[in-house]
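The values are calculated or read from the model by the stated rules, or taken from the named source; none is laboratory data. Just so we're clear, the structure is a prediction, and the values are computed from it rather than from any experiment. No Cβ is skipped: glycine too gets one built from the backbone with ideal geometry, and neighbour counts run over all protein chains shown. Note: areas computed on protein heavy atoms with side chains; ligands, DNA, RNA excluded. Shrake-Rupley method; radii C 1.70, N 1.55, O 1.52, S 1.80 Å.
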Amino acid sequence: MADLVSHPDEIKVVSKRFGQGAADIDRYLALDGYKAAQKALPMTPDAIINEVKTSGLRGRGGAGFPTGMKWSFVPKDSPKQKYILCNGDESEPGTCKDRLILEHDPHSVIEGVMIAGLAVNAESGYIYIRGEYRYLSIIMQKAIKDAYARGFLGKNIFGSGKKFDVYWHGGAGAYEVGEESALMESLEGKRGIPRIKPPFPAVVGLWGSPTVINNVETLASAPHIILDGAQKFADYGTPKNGGVRLFCLSGHVNKPGVYELPLGYSLKKMIYEVGGGIPGGKKIKAVVPGGSSTPVLTADEIDIAMDFDGVAKAGSMLGSGGVVVIDESTCMVRFAQYIMKFYQHESCGWCIPCREGTDWLKKTLDRFHAGGGVKKDINNIQYLAENMMGRTFCPLGDAAAMPTISIVTKFRKEFEDHLEGRPCPYDPVGSVRLLPVLSH
Amino acid sequence: MTFSPEFEQRFTEMLTHYPSKRSVLVPTLLYAQDEVGYLSDEAITEIAQRLQLTELDVRNVISYYSMLTTKPRGKYNVQVCTNIACILRGADDLWEHCQKKFGLRHKQTTPDGQFSIEEVECIGACSWAPAMQVNYDFHENLTKDKFDTILDGYKKKA
Ligand SMILES: Cc1cc2nc3c(=O)[nH]c(=O)nc-3n(C[C@H](O)[C@H](O)[C@H](O)COP(=O)(O)O)c2cc1C
Ligand code: FES
């Protein structure tokens, strides 16, 4: 399926079995597969959690929450069943890495789920895969079946007397379902409406039971940490930002692709050396550093270290690892418009600031880009987005507002260039298509 | 209403995966739709009965998920991504081309029922943009020519 790429600066950890046929269980075993789970079996839950804490692993799903700490929140004395939930909804625009893990190394995800299970005394785990990824769901079903057949899963895993079950689950198209509590609703067979927090999933999750929810890549990192040593993983990255991660380079770069680079790698180098620079030798206008919901950086802001703290210092987020490069010929109003089209489509409609906010922003941006904007729209766009921040039921509202605020403040001049009935000065062809939305 | 033996086998097995019956609903709806072509009234009644849910409950869930549909669509559903990474690499031209080629708009179907087209959000192929899915198959690094060749392949199968 999707092409694999390589660059000398890569440190292949999670991607080390890509292209090696490791979806086959024998091949996986030959490549050190299931050794980490067996190593973790005799360890105490605290010992596993401490290893993960030492590794500095932070969530690869978007928020970057320290994984060891998340696992430690599960109440030890709860008499309830506990669950591990693997988030393979991968829908954040710009992100296409979990797909590669599920395709090339599905057993590492199963093994990661097992290790998380051992760390919190859970006896079952679910791997949720978005509905569009049907071929990956088929690969995963086979991998699970093979692991059961070998006695790696089931009532007596690796002959240890311990029980652990892993199941697959499929979605049917919804970005919001990637949000952790909405994912649980979806898995319970309902509309993916987020739940109020607290209580957090670690205490009240799937079917009211304590649940650890992690991204595919986070869980796939766990076996490497257990097997190769937490410190080794930590040392790849920077302090408090352990390890390596998959960066999905897309947009205006010569060599787009998914590259595994150490945390703290320079964004500029990532674009110009790993990504081979901008097609046609054009200049960069902006970069989305971590998926469409993260604030865009201008060309002057890309000399930064790509770890959670480095990107936060630059006023944005490392997010899901989706690095989208935008060249100088792109209209930023149009870019904002396409971002908002997505969030308006994906807003679940449950809370008003998000449902109405995304809809009004989309309508305003559509009209604005087509040349029907007035000066006060610019402030209104900013004001509307700012008022969504922190006022929605789940972070989807913030995800829509953050990039919008960054674009309207950093590229205000481009908005002004569209005023007084002028169609888009950067994209006269594209804007003609939008003319029917003009309402004045 | 009858489904295929594979459907039944999967359904029976999935029921053992969860502490609540209802949990099988979303994947089951998608698999049912794959067999029938869409979620017909009959299919909805059947699934609601099996899971002891009201039809309204089932319809509520259907309306939430973008892949689920209660209207028939083409045997081949052409889904062109027009999200940011694809747009930066020419997805709007591609979508325009797709509409012209079929003489259809978003979510419309050809009169012979073979093709429908749809503009979709990010399908996880951003590094190989622009991209589309025809049913569940991914097609990536598209150009208009490549698009035509791929679609001609489906036309031969249709
Ligand atoms: C609207 C929304 C969509 C999200 N989509 C995803 C997703 O597709 N995949 C994912 O792993 N996390 C997604 N997240 C983040 C999850 O809520 C959750 O934080 C994450 O799965 C936790 O795993 P981690 O700690 O390993 O990152 C989303 C969050 C929000 C608010
Ligand atoms: S933006 Fe088109 S596949 Fe992600």
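Please verify whether A:Arg60 is touching a strand residue (DSSP E or B) at 6+ places or on another chain (Cβ under 9 Å) and in a loop (DSSP other than H, G, I, E, B), treating the condition exactly as stated. So A:Arg60 passes the test. Within region A:41-94, being within 14 Å of another protein chain (Cβ to nearest Cβ) and acidic (Asp, Glu) holds for A:Asp89, A:Glu90, A:Glu92. Taken over region A:278-293, the criterion of being assigned to a loop (DSSP other than H, G, I, E, B) and surrounded by fewer than 17 Cβ atoms within 10 Å (Cβ to Cβ) is satisfied by A:Lys282, A:Lys283. Would you confirm, using the coordinates I've provided, whether B:Leu53 is in a loop (DSSP other than H, G, I, E, B), under 14 Å from the mean Cα position of the chain (by Cα) and at the interface with chain A (Cβ under 10 Å from one of its Cβ atoms)? Taking the combined requirement at face value, the residue does not satisfy it.
On the given criteria, is A:Lys255 away from ligand 1 (no atom under 16 Å from the Cβ), surrounded by fewer than 18 Cβ atoms within 10 Å (Cβ to Cβ), farther than 26 Å from A:Ile129 by Cβ and not assigned by TED's automatic domain parsing to the domain that holds A:Glu103? Before the answer, list the steps.
Working: away from ligand 1 (no atom under 16 Å from the Cβ): yes; surrounded by fewer than 18 Cβ atoms within 10 Å (Cβ to Cβ): yes; farther than 26 Å from A:Ile129 by Cβ: yes; not assigned by TED's automatic domain parsing to the domain that holds A:Glu103: yes.
Considered against the rule, which asks whether it is away from ligand 1 (no atom under 16 Å from the Cβ), surrounded by fewer than 18 Cβ atoms within 10 Å (Cβ to Cβ), farther than 26 Å from A:Ile129 by Cβ and not assigned by TED's automatic domain parsing to the domain that holds A:Glu103, A:Lys255 comes out as yes.
A:Val212 falls short on exactly one of the conditions (1) away from every other protein chain (no Cβ under 14 Å); (2) hydrophobic (A, V, I, L, M, F, W, C); (3) surrounded by fewer than 24 Cβ atoms within 10 Å (Cβ to Cβ), and that condition is (3).
Only one of A:Ile193, A:Ile139 is touching a Leu at 6+ places or on another chain (Cβ under 7 Å), surrounded by fewer than 24 Cβ atoms within 10 Å (Cβ to Cβ), within 13 Å of another protein chain (Cβ to nearest Cβ) and among the aliphatic types (A, V, I, L, M). Can you tell me which? So that I can check it myself, show each step before the final result.
Working: A:Ile193 fails: touching a Leu at 6+ places or on another chain (Cβ under 7 Å).
After ruling out the rest, the residue left standing is A:Ile139.
Checked against (1) open to solvent by 50 Å² or more (accessible area, probe 1.4 Å); (2) assigned to a helix (DSSP H, G or I), B:Ser127 passes all but condition (1). Any residue at all in region A:381-398 that's open to solvent by 30 Å² or more (accessible area, probe 1.4 Å), over 27 Å from A:Ala174 (Cβ atoms) and either at pLDDT 95 or above or not in a helix (DSSP H, G or I) (or both)? Among the residues of region A:381-398, at least one is open to solvent by 30 Å² or more (accessible area, probe 1.4 Å), over 27 Å from A:Ala174 (Cβ atoms) and either at pLDDT 95 or above or not in a helix (DSSP H, G or I) (or both), which makes the answer yes. Give the residues of region A:75-100 that are out of contact with any Leu (no Cβ under 8 Å at 6 or more places or on another chain) and either open to solvent by 10 Å² or more (accessible area, probe 1.4 Å) or away from ligand 1 (no atom under 14 Å from the Cβ) (or both), sorted by residue number. A:Pro75, A:Lys76, A:Asp77, A:Ser78, A:Pro79, A:Lys80, A:Gln81, A:Lys82, A:Glu90, A:Ser91, A:Glu92, listed by residue number. Can you pull out the residues in region B:10-49 that are more than 12 Å from chain A (Cβ to nearest Cβ) and either outside any loop (DSSP other than H, G, I, E, B) or open to solvent by 80 Å² or more (accessible area, probe 1.4 Å) (or both)? B:Phe11, B:Thr12, B:Glu35, B:Val36, B:Asp41, B:Glu42, B:Ala43, B:Ile44, B:Thr45, B:Glu46, B:Gln49 - these are the residues of region B:10-49 that are more than 12 Å from chain A (Cβ to nearest Cβ) and either outside any loop (DSSP other than H, G, I, E, B) or open to solvent by 80 Å² or more (accessible area, probe 1.4 Å) (or both). For region A:311-337, a residue qualifies if it is within 16 Å of ligand 2 (Cβ to nearest atom) and more than 19 Å from the chain's Cα centre (by Cα), and the qualifying residues are A:Ile326, A:Thr330, A:Arg334, A:Phe335, A:Ala336, A:Gln337. Looking at A:Glu123, A:Glu111, just one residue is open to solvent by 10 Å² or more (accessible area, probe 1.4 Å) and over 15 Å from the mean Cα position of the chain (by Cα), and that residue is A:Glu123.
Please pick out the residue among A:Ser347, A:Ser329 that is open to solvent by 10 Å² or more (accessible area, probe 1.4 Å) and closer than 30 Å to A:Lys269 by Cβ.
Details: A:Ser347 fails: closer than 30 Å to A:Lys269 by Cβ.
When all the criteria are applied, what remains is A:Ser329.
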